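K.L.:
This is the structure, below, for whatever I ask next.
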Amino acid sequence: MLIFVLIVCTTSCQTDIELCEQPVHPHLTKVTMNYDFSSYPYSHPDTMLILAERVINVKKYEMQEDVKSGLGSFLLGAPDLFADSLDQAHPDSLSSFQMSSGTYKLLTFSKNDKIFDYSNLDSIGNVEHSRWNFNSLGLNYRAYPATSDSVKKILGTWKDYNAYTDYVLTTPEMMAYDTLEIVKFHEGNNQLTFHPSPVTQHVMLSFDIRKVAASNAGALSFRIDSVKVDLAGVPAAYQLYTGWMDTHKTYKIASVMQMDGTDDFGTGDIHCSTAFDVTGIISGSQADIPSGPGILQVILYTTVRKDGQESLHRVQGKINLYHTLRDSGLLEYSDDESKVRQLAKSGTLAIATPLEIDGENILKVGSDDWGIDYWVPEGSEVIVEL
């Protein structure tokens, strides 16, 4: 009797051990992965990667799928058998994926190798044979030094008064992603739809420039020719599955501001704005710190008319955006402020204090005692005498 029981046990199919040798494995299920980009604000990527991890009796898969055709292929975890002759003949053009049934966590994302470095994500994901280590999958920015062509093309020649770190770039080709915490795949046919969103936040930065007459300037008048900015505080790494970002290492980003209309040699205010697509921008720990994250530097190029002569000037200043960033509602800070994560996918950093300039210098106006951010002059230089 005991011998009969042993024979039955060893010849029966095992749900998790998967020893069955039937033409179609009874514990595999077909999963069709769909993508809905209807709410995605940018042009969608051509290809999406998919990481799947079974929670109980752990097992991991990696797939890729062409968004337009809906066809994909296994990169890791492909079964030995395919459900039909079409799949078996064309394993790189699968309309669905055969996976072990069970409960899964899933992460899908596109790649943008110009902006992000995926080596850390790949190394962490491959530490264990059966798990992806989702909670530790870090996405790192690619860093560009101030001397790189990409940065110099934006900022040109200037003096950096907050030179503690490198720069990151932004591009219209955003990185899309989505996560699903608990998904049950039953035996049979399963349909799954991802709704990707950008990894980044779309942040609109704006402030006003107020042209004022200089004291003892005689017949001085000036024109604002261009405005450039350098903003610090972009977290270096992004936890792709959890959304948390470490605040201890940050980078900067540079941009040319757009001025409303063309300035002339008169007085009045000029509105400037630009947009950044970054994972986030953190503030410093206090409102009166002169360097580090949360510092915005501005470089203004002006043409000054004085005593019948014209000259080109580069005028620099900076502002600690502590209050502007903290009040923006863009990021949530952990209790010890060692981590942040996004609260919104878009928002505005509207600097309340106008930047006052007399053509040759930025004027210091305001005080942190008011609870608002204020501009600090950083000097000026005559570039060309005309």
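K.L.:
Please arrange Lys30, Lys252 by accessible surface area, largest first, computed with a 1.4 Å probe and ligands excluded.
P.N.:
The most accessible residue leads, giving Lys30, Lys252.
K.L.:
Multiplying the sequence separation of Ser150 and Tyr42 by 0.36 nm and subtracting their Cα-Cα distance, what value in nm do you get?
P.N.:
36.6 nm
K.L.:
Projecting each Cα onto the charge dipole of the range 139-179 (Lys/Arg +1, Asp/Glu -1 at the beta carbon, about the Cα centre), which of Met174, Gly156, Asn140 comes out farthest on the positive side?
P.N.:
Gly156
K.L.:
Still on this structure: Leaving ligands, DNA and RNA out of it, work out the accessible area of Thr324 with a 1.4 Å probe and give it in Å² to the nearest 10.
P.N.:
20 Å²
K.L.:
Can you tell me the 0 to 90 degree angle between the C-alpha axis of helix 2-11 and the longest principal axis of the chain, rounded to 10?
P.N.:
Taking Cα atoms only, the helix is inclined about 40 degrees.
K.L.:
Still on this structure: Rolling a 1.4 angstrom probe over the protein heavy atoms, how many square angstrom per residue are accessible across the range 294-355?
P.N.:
40 Å²
K.L.:
At what distance in nm do the modelled label points of Ala350 and Ser123 sit from each other, each positioned 7 Å from its Cα along Cα→Cβ?
P.N.:
So the label points at Ala350 and Ser123 sit 4.5 nm apart.
K.L.:
Taking 0.36 nm per residue of separation and subtracting the Cα-Cα distance, what length does fully extending Thr193 through Leu312 add?
P.N.:
So the extension gain works out to 37.1 nm.
K.L.:
Computed over the Cα atoms of the chain, what is the ratio Rg over Rh, Rh following Kirkwood?
P.N.:
Ratio of gyration radius to Kirkwood radius: 1.15.
K.L.:
Using a Cα-Cα cut-off of under 19 Å, which aspartates and glutamates could be cross-linked to Lys30, ignoring same-chain neighbours fewer than 8 residues away?
P.N.:
Output for Lys30: Asp16, Glu18, Glu21, Glu53, Glu62, Glu65, Asp66, Asp80, Asp84, Asp87, Asp92, Glu187.
K.L.:
What number, in percent, do you get for the relative contact order of the chain if the mean sequence gap of Cα pairs under 8 Å and at least 6 apart is divided by its residue count? Show your work: numbers first, answer last.
P.N.:
Numbers: 910 pairs, mean separation 58.7, N = 386.
In percent, rounded to a whole number, it is 15.
K.L.:
For every helix of n ≥ 4 consecutive DSSP H residues, a contribution of -39,500 (n - 2.57) applies; sum these over the chain, divide by its total residues, and give [θ] at 222 nm rounded to the nearest 500 deg cm²/dmol.
P.N.:
Working: 5 runs with 34 residues, N = 386.
After summing the helix terms and dividing by residue count, I get -2000 deg cm²/dmol.
K.L.:
Now for a different question. At a 1.4 Å probe radius, carbon and sulfur cover how many percent of the accessible area of the chain?
P.N.:
C and S fraction of accessible area: 50 percent.
K.L.:
For the range 253-355, what's the relative contact order in percent, using C-alpha pairs closer than 8 Å and at least 6 residues apart?
P.N.:
Relative contact order here is 20 percent.
K.L.:
Can you check what the net charge comes to around Tyr35, using other residues whose Cβ is under 13 Å from the Cβ of Tyr35 (Lys, Arg +1; Asp, Glu -1)?
P.N.:
-4
K.L.:
Among 220-229, 118-127, what's the highest-first ranking by average C-beta atoms within 10 angstrom per residue?
P.N.:
Most protected by this proxy first, the peptides run 220-229, 118-127.
K.L.:
For the range 176-278, what is the convex hull volume of the alpha-carbon atoms per residue, in Å³?
P.N.:
Considering the Cα atoms of the range 176-278, their hull volume per residue is 136 Å³.
K.L.:
Residue-wise, which Karplus ³J(HN,Hα) couplings in Hz belong to the range 181-193, taking 6.51 cos²θ - 1.76 cosθ + 1.60, θ = phi - 60°, and x for glycine or proline?
P.N.:
Once rounded to whole Hz, the list reads 7, 9, 10, 9, 9, 8, 5, x, 10, 10, 10, 9, 10.
K.L.:
Can you pull the accessible area of Leu75 for me, 1.4 Å probe, Å² to the nearest 10?
P.N.:
Per-residue accessible area (Leu75): approximately 90 Å².
K.L.:
Can you spot the aspartates and glutamates whose alpha carbon is less than 14 Å from Lys339's alpha carbon? Ignore those fewer than 8 places along the same chain.
P.N.:
In chain and number order, the partners are Asp246.
K.L.:
Under a point spin-label approximation (7 Å from Cα along Cα-to-Cβ), what is the Thr242-Gln286 distance to one decimal in nm?
P.N.:
Label at Thr242, label at Gln286, 2.9 nm between them.
K.L.:
Turning to a different aspect of this structure: Quickly work out the His186-to-Asp113 label distance, labels modelled 7 Å from Cα along the C-beta direction, and quote it in nm with one decimal.
P.N.:
Going from the Asp113 label point to the His186 one covers 4.2 nm.
K.L.:
Dipole of the chain, Cα-centred, from +1 at each Lys and Arg C-beta and -1 at each Asp and Glu C-beta, to the nearest 20 debye? Please list the in-between numbers first.
P.N.:
Details: 29 positive and 50 negative charges, 21 e Å.
Result for the chain is approximately 100 debye, rounded to the nearest 20.
The values are calculated or read from the model by the stated rules, or taken from the named source; none is laboratory data. Being a predicted model, the structure only gives us computed values, none of them experimental. As a convention, Cβ positions derive from the backbone with ideal geometry for all residues, glycine included, and neighbour counts pool all protein chains shown. The accessibility values were calculated without ligands, DNA or RNA, using every heavy atom of the protein model including side chains. Shrake-Rupley method; radii C 1.70, N 1.55, O 1.52, S 1.80 Å.
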